[in-house]
1. Out of Ser337, Ser380, Ser390, I need the residue that is of a type in the set (Ser, Thr, Tyr), over 25 Å from Leu19 (Cβ atoms) and open to solvent by 20 Å² or more (accessible area, probe 1.4 Å). Which one?
2. Have a look at Leu24, Leu76, Leu62 and point out the one that is part of a helix (DSSP H, G or I), hydrophobic (A, V, I, L, M, F, W, C), more than 30 Å from Glu310 (Cβ to Cβ) and modelled with pLDDT of 85 or more.
3. Here's a check for you: in the stretch 416-440, which residue that is within 49 Å of the chain's Cα centre (by Cα) and either surrounded by 16 or more Cβ atoms within 10 Å (Cβ to Cβ) or modelled with pLDDT of 85 or more (or both) is nearest to Tyr357 (Cα to Cα)?
4. Given the condition surrounded by 14 or more Cβ atoms within 10 Å (Cβ to Cβ), in contact with a Lys or Arg (Cβ under 8 Å, 6 or more places away or on another chain) and closer than 30 Å to Leu24 by Cα, answer yes or no: does some residue in the stretch 272-287 qualify?
5. Out of everything in the stretch 452-481 that is more than 60 Å from the chain's Cα centre (by Cα) and open to solvent by 60 Å² or more (accessible area, probe 1.4 Å), what residue ends up being modelled with the highest pLDDT?
6. Which is of a type in the set (A, V, I, L, M) and either at positive phi or surrounded by fewer than 18 Cβ atoms within 10 Å (Cβ to Cβ) (or both), of Ile323, Ile350, Ile291, Ile309?
7. Does the stretch 51-58 contain at least one residue that is open to solvent by less than 60 Å² (accessible area, probe 1.4 Å), of a type in the set (S, T, N, Q) and either outside any strand (DSSP E or B) or at pLDDT 85 or above (or both)?
8. What is the residue count in the stretch 231-269 for residues that are at pLDDT 85 or above, surrounded by 18 or more Cβ atoms within 10 Å (Cβ to Cβ) and part of a helix (DSSP H, G or I)?
Amino acid sequence: MSNNSVQIVAPSGEHTFILNEEVLKNLLTRDDVKDCGVVLVSVAGAYRKGKSFLLDFFLRYLDYTYNQGNGDGKWLGVAEQSLEGFSWEGGSDRHTTGIHLWSQPFKATLENGEKVVILLMDTQGTFDSESTVKDNATVFALSTMLSSVLIYNLSQNIEEDDLQHLELFMDYGCVAMDKIEGKPFQKLLFLVRDWSYPYDHKYGIQGGKELLEKRLQIKDGQHEELQKLRKYIRRCFEECTCFLMPHPGLKVATDPKFKGKLSDIQPEFLESLEELVPMVLAPENLVAKTINEQKVKARDLLNYFTSYIEIFNSEKLPEPTTILQATAEANNRSAMSEASDIYKTLMEEICGGSKPYIQPDMLDKENWKVMNKALHSFDSKKKMGGIEMSATFRSELVKELEEMYTQLAAHNEGKNVYRILGTPIVFLTIMILGYVLGAVASTFGIQILVAVGEGATIGAALMLAVWGYTRISGNLRDVGMQLDDVAAKIRNFVHQNAFGSPYHTASPLTATTATYMDNKKDS
């Protein structure tokens, strides 16, 4: 594959994380990607448990199914083909650090016709000798909150501490459930690797469901905290399921020269892959990312990444309410960004660079219509944080749109040929009219009008010459501006007497922030 994984979140030396915003922006705001829904599949769990190795099989399926357009089920490839994709290697030391995304979004269409892009996220393993509890919590939090499908990669079984590692995010979920519609998280898949008890529960999804049901069962006499945790998991995720996988074989685990060839992997492991991977990535099984029951677009993810990294880089672990606040702010900012894009697109069609000059009063009217459409888009989105937060972002949006309109109006005025040539046209017109007046008056022997005509012609010629000198040489700029002002007054006088209104050289915004806020104060 010509693409590669890109590190979008990197650990720093102070046990904080750095967001590679430029790389993430390039990935998520491409023209062919930014407005698509997102299917974000993330694999998280303890280090050295084969997360990157598993994701490379996901990549092979995605490339075969969505890039090559094949649907014959032969995506695993040939026996001697090495595994490519996310970097991985054997050994006991951690390999992946921070958070990585695959550099190529895979384009797909859901059963309802919605266009989406599929993103794969690889995360550093938790609970190694170099990471603090806060480091682990940050990585796990980002995986949980940003993915539409979280694959919780476990070894051999589902233990009690595996469930307890989810507790911080379950706390967030409980806070969130009072503030948003629906459940805060979407699909959680417990993936139990190296399952050694197929005689208890068979490999695959059915055995996994049986095991998960047993582990999440609430029993009489069970400690209250254990009961609470199990209720959290069911209440916070829209779907919880489990898949049991066999061991891939000793060569995979012990041979340092292993490169991922299918011929070196146990057949029953490959059979499990053929069941697992389509279960997550087949077109009919894709889960698009939503927050507060609103579809998340690719460009929106940038806001969520930025907000979450900022709060997790504080000195201590954030409170669930702080995470909820960051989610609400990112949610409002995404709605604001979409409304701004609507305004830009529609105004570009009206007065963009390639469009001809439009009269200022007409531009004002069109701006009013477009701003209302943009604000309606913002208002119609379900947003977290309540009316007060929404009003704050709405006010910021109106200010941004007003600034854009000021620039667009100035650019439009720059295309006004009459304004650019207005001064010389006025003086040339006076010269011609003076000459005609003098000639006609001379024919009839009216000397006073001849003198007026000649005076007007000579005066206009002198003013035109001086104006031309100031423009060409750059000298006497104040004189040139005064001549522009004289020409503008003459132009306005003529226009007012001819059409009943002064000639407009510019038009201020007619729709103020206060007007918009008054109209929508209850939104």
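The values are calculated or read from the model by the stated rules, or taken from the named source; none is laboratory data. Model, not experiment: these values are computed from the prediction. Every residue, glycine as well, gets a Cβ built from its backbone with ideal geometry; the counts of neighbours run over all protein chains shown. Protein only, heavy atoms only, side chains kept; ligands, DNA and RNA dropped before computing areas. Shrake-Rupley method; radii C 1.70, N 1.55, O 1.52, S 1.80 Å.
1. Values: Ser337 fails: over 25 Å from Leu19 (Cβ atoms); Ser390 fails: open to solvent by 20 Å² or more (accessible area, probe 1.4 Å).
Every option except Ser380 fails the conditions.
2. Values: Leu24 fails: more than 30 Å from Glu310 (Cβ to Cβ); Leu76 fails: part of a helix (DSSP H, G or I).
From the options Leu24, Leu76, Leu62, the qualifying one is Leu62.
3. Let us first name the residues in the stretch 416-440 that are within 49 Å of the chain's Cα centre (by Cα), namely 416-423.
From what is left, the residues that are either surrounded by 16 or more Cβ atoms within 10 Å (Cβ to Cβ) or modelled with pLDDT of 85 or more (or both) are 416, 419, 422-423.
Working: Asn416: 6, Arg419: 11, Gly422: 15, Thr423: 18 Å.
Among those that are within 49 Å of the chain's Cα centre (by Cα) and either surrounded by 16 or more Cβ atoms within 10 Å (Cβ to Cβ) or modelled with pLDDT of 85 or more (or both), it is Asn416.
4. yes
5. From the stretch 452-481, those more than 60 Å from the chain's Cα centre (by Cα) are 452-459; that's our starting set.
Restricting the remaining residues to those that are open to solvent by 60 Å² or more (accessible area, probe 1.4 Å) gives 452, 454, 458.
Details: Val452: 87, Glu454: 87, Ile458: 90.
It comes out as Ile458.
6. Numbers: Ile323 fails: either at positive phi or surrounded by fewer than 18 Cβ atoms within 10 Å (Cβ to Cβ) (or both); Ile291 fails: either at positive phi or surrounded by fewer than 18 Cβ atoms within 10 Å (Cβ to Cβ) (or both); Ile309 fails: either at positive phi or surrounded by fewer than 18 Cβ atoms within 10 Å (Cβ to Cβ) (or both).
Step by step, each of Ile323, Ile350, Ile291, Ile309 is checked, and only Ile350 is of a type in the set (A, V, I, L, M) and either at positive phi or surrounded by fewer than 18 Cβ atoms within 10 Å (Cβ to Cβ) (or both).
7. Our first condition is that a residue be open to solvent by less than 60 Å² (accessible area, probe 1.4 Å); within the stretch 51-58, this holds for 51-58.
Going one step further and asking which of them are of a type in the set (S, T, N, Q), we end up with 52.
Subsequent filtering for residues that are either outside any strand (DSSP E or B) or at pLDDT 85 or above (or both) retains 52.
Checked the stretch 51-58: at least one residue is open to solvent by less than 60 Å² (accessible area, probe 1.4 Å), of a type in the set (S, T, N, Q) and either outside any strand (DSSP E or B) or at pLDDT 85 or above (or both).
8. Residues flagged as at pLDDT 85 or above, surrounded by 18 or more Cβ atoms within 10 Å (Cβ to Cβ) and part of a helix (DSSP H, G or I) within the stretch 231-269 amount to 1.
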